[in-house]
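Contents: one structure, followed by commentary.
The values are calculated or read from the model by the stated rules, or taken from the named source; none is laboratory data. These numbers come from a predicted model, not from an experiment. A quick note on method: Cβ atoms are made from the backbone with ideal geometry, for glycine too, and the neighbour counts reach across all protein chains shown. What goes into the accessible areas is simple: the full protein's heavy atoms, side chains included, and nothing from ligands, DNA or RNA. Shrake-Rupley method; radii C 1.70, N 1.55, O 1.52, S 1.80 Å.
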Amino acid sequence: MTLDAVVAGNRLLHYLALMLVFGSSVFLWKIAAPGLRVQIDRRLMLAARMAALLTALAGLPLQAGEIVGSWQAAVDPAVLWKLLSTAIGQTWLFRVLLALLLLAVGMLRQPGRLRGVAISAGVLLASLALSGHAAMDQGLRGFLHGVNHAAHLLCGGAWLGSLLPVLLCLRLLADPVAGGDASLTLRRFSSAGHAAVAGVLLSGAINTMLVLGRWPTDWSSPYQLLLSLKILLTAAMVALAILNRYVFVPRMKSAAPAAIDALRRSTLMEICLGMAVLALVSVFGMLEPV
Ligand code: HEM
């Protein structure tokens, strides 16, 4: 397997883990009915927090290998030590400490744990704006680019990371004990979700103008082709979200079992499309934005 493929794979795993932790902890903290927290929390969180730490740790060696262009450099202490003293190394160190904090906060006892996990995961996710193309500008433009990119990541995480707890809520709807809480939670989510979707679209468009300076219409450029595919997949996700909110949810009053089934399938499709969106950016985020 090539170094580039491993770097892209590590980026994808990092995005998936972080967006799941951030999105589901915000969902549990701010949207889920109190009775529902225990069930969703136990199943989803610990594995993703560990994955966020391990992929953050792997970031520096992989980047060393990429910069030098060899696997040896990824495990060469002299190269790693030298890289550690640069802005790349300092950002890596900061992010690894944040990932350790996230792991530790996750071990806390209720009531502050969810808030702590949501906030530390949010800071770790937003800190991706300290590197890559989002960090290529200086001065006021650099600051605004960073803020917009952080908003892009947090809105994307709030949307994608909530979809798995939503699936679990749909499964609990028929549960005689948790059904009422699950239905209340889904109603809350279907109104809160609008802000996350609108935020990721607006910040994505601004990102495109800041990084590329134009719409990605030149498909002979791998960067523009992959970004266009990402926009297309996001449009399909928005269409599914609209279908869920304005067709299937209202149908739950008259034909609940069929509507819940349709919601489950559509949410699963949204999750798969979201993973494909992250896979695309894991690759084109490493390419020259021309
Ligand atoms: C579900 C929807 C979306 C999600 C989850 C998402 C997620 C992401 C992630 C994780 C990054 C890379 C972060 C990094 O490593 O710094 C990113 C970058 C970016 N996104 Fe999105 N995004 C979404 C939709 C969009 C849309 C609709 C657009 C355009 C209209 C867009 C434009 C961009 C651009 C231009 C970048 C910068 C890529 C680079 O580093 O050159 N995104 N997005």
The condition of being more than 9 Å from the ligand (Cβ to nearest atom) and buried (at least 22 other Cβ atoms within 10 Å of the Cβ) holds, among LEU163, LEU172, only for LEU163
Among the residues of the range 251-270, the number that are part of a helix (DSSP H, G or I) and either open to solvent by less than 40 Å² (accessible area, probe 1.4 Å) or hydrophobic (A, V, I, L, M, F, W, C) (or both) is 11
So, first residue in contact (Cβ under 8 Å) with a residue 40 or more places away in the chain in the range 203-217, second residue assigned to a loop (DSSP other than H, G, I, E, B) and open to solvent by less than 30 Å² (accessible area, probe 1.4 Å), Cβ within less than 6 Å, six or more apart or across chains; the pairs are VAL211/PRO289; LEU212/PRO289
Of those in the range 107-142 that are hydrophobic (A, V, I, L, M, F, W, C) and more than 23 Å from LEU97 (Cβ to Cβ), the residue modelled with the highest pLDDT is LEU140
task = Scan the range 223-233 and give yes if some residue there is more than 12 Å from the ligand (Cβ to nearest atom) and either without any contact (Cβ under 8 Å) to a residue 40 or more places away in the chain or of a type outside the set (A, V, I, L, M, F, W, C) (or both), otherwise no.
result = yes
Within the range 208-222, restricting to residues that are within 10 Å of the ligand (Cβ to nearest atom) and open to solvent by less than 20 Å² (accessible area, probe 1.4 Å), the one that is nearest to the chain's Cα centre (by Cα) is THR208
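Can you tell me which residue among ALA195, ALA258, ALA239, ALA182 is in contact with a helix residue (DSSP H, G or I) (Cβ under 9 Å, 6 or more places away or on another chain) and either modelled with pLDDT of 95 or more or within 16 Å of the ligand (Cβ to nearest atom) (or both)? Before the answer, list the steps.
Working: ALA258 fails: either modelled with pLDDT of 95 or more or within 16 Å of the ligand (Cβ to nearest atom) (or both); ALA239 fails: in contact with a helix residue (DSSP H, G or I) (Cβ under 9 Å, 6 or more places away or on another chain); ALA182 fails: either modelled with pLDDT of 95 or more or within 16 Å of the ligand (Cβ to nearest atom) (or both).
Residue meeting the stated conditions: ALA195.
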Apart from one, (1) assigned to a helix (DSSP H, G or I); (2) aliphatic (A, V, I, L, M); (3) under 30 Å from ALA259 (Cβ atoms) all hold for VAL177; the odd one out is (1)
With the structure loaded, tell me whether GLY146 is of a type outside the set (A, V, I, L, M), within 29 Å of ILE260 (Cα to Cα), within 14 Å of the ligand (Cβ to nearest atom) and open to solvent by less than 20 Å² (accessible area, probe 1.4 Å) or whether it fails that test. no
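Give the residue that is most open to solvent (accessible area, probe 1.4 Å), with candidates limited to residues of the range 77-112 that are among the charged types (D, E, K, R) and either more than 18 Å from TRP29 (Cβ to Cβ) or in contact with a helix residue (DSSP H, G or I) (Cβ under 7 Å, 6 or more places away or on another chain) (or both). Give the derivation first.
So in the range 77-112, the residues among the charged types (D, E, K, R) come out as 82, 95, 109.
Filter once more, keeping what is either more than 18 Å from TRP29 (Cβ to Cβ) or in contact with a helix residue (DSSP H, G or I) (Cβ under 7 Å, 6 or more places away or on another chain) (or both): 82, 95.
Working: LYS82: 151, ARG95: 24 Å².
The qualifying residue most open to solvent (accessible area, probe 1.4 Å) is LYS82.
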PHE27 passes all but one of the listed conditions (1) surrounded by 21 or more Cβ atoms within 10 Å (Cβ to Cβ); (2) under 15 Å from the mean Cα position of the chain (by Cα); (3) at pLDDT 95 or above; the exception is number (3)
- [ ] Might you check whether a residue that is near the ligand (Cβ under 9 Å from one of its atoms), of a type in the set (Phe, Trp, Tyr) and open to solvent by less than 60 Å² (accessible area, probe 1.4 Å) occurs anywhere in the range 275-285?
- [x] yes
Here, helices (runs of 4 or more DSSP H) confined to the range 10-129 with at least 1 residues that are within 29 Å of LEU273 (Cα to Cα) are 37-68, 87-105, 113-126
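Report yes if ALA205 is more than 8 Å from the ligand (Cβ to nearest atom), modelled with pLDDT of 90 or more, within 24 Å of LYS230 (Cβ to Cβ) and surrounded by fewer than 18 Cβ atoms within 10 Å (Cβ to Cβ), otherwise no. Spell out the reasoning first.
On the way: more than 8 Å from the ligand (Cβ to nearest atom): no; modelled with pLDDT of 90 or more: yes; within 24 Å of LYS230 (Cβ to Cβ): yes; surrounded by fewer than 18 Cβ atoms within 10 Å (Cβ to Cβ): yes.
So ALA205 fails the test.
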